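Participant: Got a structure for you, written out below as structure tokens; questions coming shortly.
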Amino acid sequence: MTAFLHIYPYLIAGWIFLCGLYGIATSKHLVHMVISLAVMQTSTYVLLLNIGYRVHGAAPVFVGVSPGTVTVDPVVQALMLTDIVVEATIMALMLAMADRAHDRAGTLSPDDLRMMRG
Amino acid sequence: MLPYPALPVAVPLLIAALLSGLRKWLPRWVADALAILTAAACLLFSSMLVVLSRDHNIIYWFGNWAPRGHMALGIGFEVSPVGAGLAALAALLTLLALMYSWRAIESGLNLYQPLMLIFLAAMSGFALTADLFNLFVFFELMSTAAFALCGLKVSEPAPLQGAFNFAITNTVGAFFILTGIALVYAATGALNMAQIGLQIGSRHDSLVAVACTFLISGFLIKAAIVPFHFWLPDAHSVAPTPVCVLFSGLMVELGAYAVLRISIVLFGDAVSPPLAPMRIPLLVLGSLSVIWCGLMCFAQHHLKRILAFSTISHAGAMLIGVAIGTPVAVTGWLLYLFSHAMAKGGLFFLAGILLHRLRSMSEPVLHARGRPLRFTALLWLAGGFALIGFPPFGIGDGEDLIAASIHTHGLEIWVSFLFFFTGALTAGAVFRVFLRVFLGLGEKGPSDRASQIGEVPEDKEEEQKVPARLFIPALICILLSAAPEAIAHSKDALLFVVNRFVSQTAYIHAIYGQPFALPAAHLPATAGLARDLAALAFAVLIASAAVFRKRLPRALRLATHLEGRFFHFRRIQSGHPGDYVVWAMVGFVFVGGCLYLLS
């Protein structure tokens, strides 16, 4: 059971990654595609949180705590925060592009926006 | 300690912030001049770093967070001459691109210049950093600036679509990299690349293999290697010309640089020596890229798409040098990279001149209309020779060194064939355009849907002659493509610094400030003139066979098949980013399978 609990978060992360991938691969709508990308990104959060997790670890605030107290890893949380900031920028940029594409071409379906085939 | 290693990153970022803050009040020429001055200053800083780091890598810790024992918590730059050289190349290309766009290219209310500077800063940081997560942040910064630059012409649907495909595929690549970084951190508890290398050591288990697969696949998406490459032609055919120069010239190659860096420094002892399990997937994918995109390149009829596919074909050839990974092969790779960046940059600038003067990028539409542009025609022809690497152009030198560094006879013949193939087909397409557009020979030639991507010319004024600001960057590029040959002892000097670059031990010792002496490497004897001549002959042959196909007997119309209508494989380039991501997963499974089965 412990072994299963140990591997369970990795399976969840993999599952979310594949869900996002399925969404992108079958998408018929640019906004849906961006959301699928956001779903895919969530899998990296689950993975990072799991890697930084310590059993019975406290929050990584080192004020008034005796040295040697077990805390969860603050480095992965910093990584995650940076990643959230970066990806928010990219999502915003892509949504803006989808919006402009709708203005210019009158459609949000990637199948209608395929002038670059071949 | 003086913060000079941070200058090539910090200065363009600060000026970019200034320019974007003041963009509504600054006249166009002030913004352009400031951007050009900044790029020139970056070129100076990076060249200075190359000189200063010649004998010892420069280590710079931000905020003086130097490592305690083996624990490197701070973020550092490790300036090697190779990294600084790539940063200098980034600055040079940006400088030429900004000269080209001087007061002319539609700049989206002066947003273009700050984006270019951010792009430059990200590329420099990517080449210099010693921290794995910092590498990812610069990767994302580079990508974001690139997406925005690619879709700069928001008034048309095609650039938006190209930028969207580019953004989806590369962001999936970024998730691959982030997952890889998380797994590496889980395995080692470190983010500094040298410390990770030290901790992984010769440890080899499934966690390391999976992390390696994620990292390599993510960077191969940026490196546009088949089957990760589909975003590149879409992005290149719609991006503004100066942006294409930066994409093809350096951004794609930086993906291969990251692959090399990671396989040496992180997994040098675990997966690499002698890079054996990694070598097979890289060689297979590189060969696939050369052949597949060489054929696709000849099948295109949109000038920028021809050049885009030719970039993938050459990126595959360059990946061979990365896969071999010995000092001589990496020296060859760097020579190839520099000469290719210059040749391809020159060709893109020339395509931009055609777009400026003749208002189209489609080969059938441009037929015979390039006749008055004599100097442009001459440079275009020289660009074709540069893609083959015909002496005095430097790509041939790089190919010779990579081929000479292989000691297995069968593999050496195969790699020589690949170099012949990429030169012959990509130059063949360039010569075909030369014959049709500049000489007006043959008839118009086939058209296709992708060649009709409407492109609004990038600048408004209609001039009767090619202005110098367009012509001079193209001329400089083509001339510099022959520079490695012209400078005496350039190869020996390069080999001296590369010898240190490809050694994991030397890298780790430098980070911890310990002296380390390496045995010197020596240049092997090379011979490649026969290959270059064969490639030239074949390129001229297929180009003229395509142009004069009506005069050929039916049985000999091979080039017609190569050239388009019968090329059903082109449907795989579907234009739907979902398909591109699925192909990237196929490549991921291939890389992972190879690493798993071979190790």
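The values are calculated or read from the model by the stated rules, or taken from the named source; none is laboratory data. A quick note: this is a predicted structure, and the numbers were derived from the prediction, not measured. In this analysis, Cβ positions are derived from the backbone assuming ideal geometry, glycine residues included, and neighbour counts consider all displayed protein chains.
Participant: Residues of the range B:135-163 being more than 7 Å from chain A (Cβ to nearest Cβ) and more than 22 Å from A:Gly106 (Cα to Cα), which ones?
Facilitator: B:Leu135, B:Phe136, B:Phe138, B:Phe139, B:Leu141, B:Met142, B:Ser143, B:Ala145, B:Ala146, B:Leu149
Participant: All but one of (1) in a helix (DSSP H, G or I); (2) surrounded by fewer than 23 Cβ atoms within 10 Å (Cβ to Cβ); (3) of a type in the set (Gly, Ala, Ser); (4) more than 7 Å from chain A (Cβ to nearest Cβ) hold for B:Ser202; state the number of the condition that does not hold.
Facilitator: Failing condition for B:Ser202: (1).
Participant: Turning to a different aspect of this structure: When A:Trp15 is evaluated against the numbered criteria (1) more than 9 Å from chain B (Cβ to nearest Cβ); (2) at pLDDT below 95, which criterion, by number, is the only one it fails?
Facilitator: That leaves (2) as the condition not met.
Participant: On to the next question. Sort through A:Thr69, A:Thr44 and tell me the only one that's among the hydroxyl-bearing types (Ser, Thr, Tyr), at the interface with chain B (Cβ under 7 Å from one of its Cβ atoms) and out of contact with any Pro (no Cβ under 8 Å at 6 or more places or on another chain).
Facilitator: A:Thr44
Participant: Kindly indicate the residue of the range B:380-396 that is over 10 Å from B:Phe434 (Cα atoms) and surrounded by fewer than 24 Cβ atoms within 10 Å (Cβ to Cβ) and also modelled with the highest pLDDT among those meeting that condition.
Facilitator: B:Ala382
Participant: Looking for whichever is more than 10 Å from chain A (Cβ to nearest Cβ), of a type outside the set (Ser, Thr, Tyr), buried (at least 24 other Cβ atoms within 10 Å of the Cβ) and in contact (Cβ under 8 Å) with a residue 60 or more places away in the chain here; the options are B:Ala194, B:Ala235. Which one fits?
Facilitator: None of the others qualify; the one that does is B:Ala194.
Residue by residue, here is whether (1) within 11 Å of chain B (Cβ to nearest Cβ); (2) part of a helix (DSSP H, G or I); (3) at positive phi holds:
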site	(1), (2), (3)
A:Leu5	no, yes, no
A:Tyr8	no, yes, no
A:Leu11	no, yes, no
A:Ser27	yes, no, no
A:Leu48	yes, yes, no
A:Val55	no, no, no
A:Ala78	yes, yes, no
A:Asp83	yes, yes, no
A:Met97	yes, yes, no
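Participant: Let me spell it out: the conditions are (1) in a helix (DSSP H, G or I); (2) in contact (Cβ under 8 Å) with a residue 12 or more places away in the chain; (3) not acidic (Asp, Glu), and B:Leu14 meets all of them except one. Which number is the exception?
Facilitator: Condition (2) is where B:Leu14 drops out.
Participant: Same structure again: Can you pull out the residues in the range A:31-90 that are at pLDDT below 90 and among the hydroxyl-bearing types (Ser, Thr, Tyr)?
Facilitator: A:Tyr53, A:Ser66, A:Thr69, A:Thr71
Participant: If B:Thr526 satisfies all but one of (1) farther than 30 Å from B:Ala130 by Cα; (2) within 14 Å of another protein chain (Cβ to nearest Cβ); (3) buried (at least 16 other Cβ atoms within 10 Å of the Cβ), what's the number of the condition it fails?
Facilitator: Of the numbered conditions (1) farther than 30 Å from B:Ala130 by Cα; (2) within 14 Å of another protein chain (Cβ to nearest Cβ); (3) buried (at least 16 other Cβ atoms within 10 Å of the Cβ), the odd one out for B:Thr526 is (2).
Participant: Residues of the range B:43-56 being modelled with pLDDT of 90 or more and either among the β-branched types (Val, Ile, Thr) or closer than 17 Å to B:Tyr507 by Cβ (or both), which ones? Show your work before the answer.
Facilitator: Of all residues in the range B:43-56, those modelled with pLDDT of 90 or more come to B:43-53.
Of everything in the range B:43-56, those that are modelled with pLDDT of 90 or more and either among the β-branched types (Val, Ile, Thr) or closer than 17 Å to B:Tyr507 by Cβ (or both) turn out to be B:Leu49, B:Val50, B:Val51, B:Ser53.
Participant: Let me ask something else about it. Name the single residue, out of those in the range A:15-48 being β-branched (Val, Ile, Thr) and in contact (Cβ under 8 Å) with a residue 40 or more places away in the chain, that is nearest to B:Phe588 (Cα to Cα).
Facilitator: Only one residue fits best here, namely A:Val34.
Participant: Residues being modelled with pLDDT under 90 and either surrounded by 17 or more Cβ atoms within 10 Å (Cβ to Cβ) or touching a Lys or Arg at 6+ places or on another chain (Cβ under 8 Å) (or both): count how many of those fall in the range B:6-25.
Facilitator: So the answer is 1.
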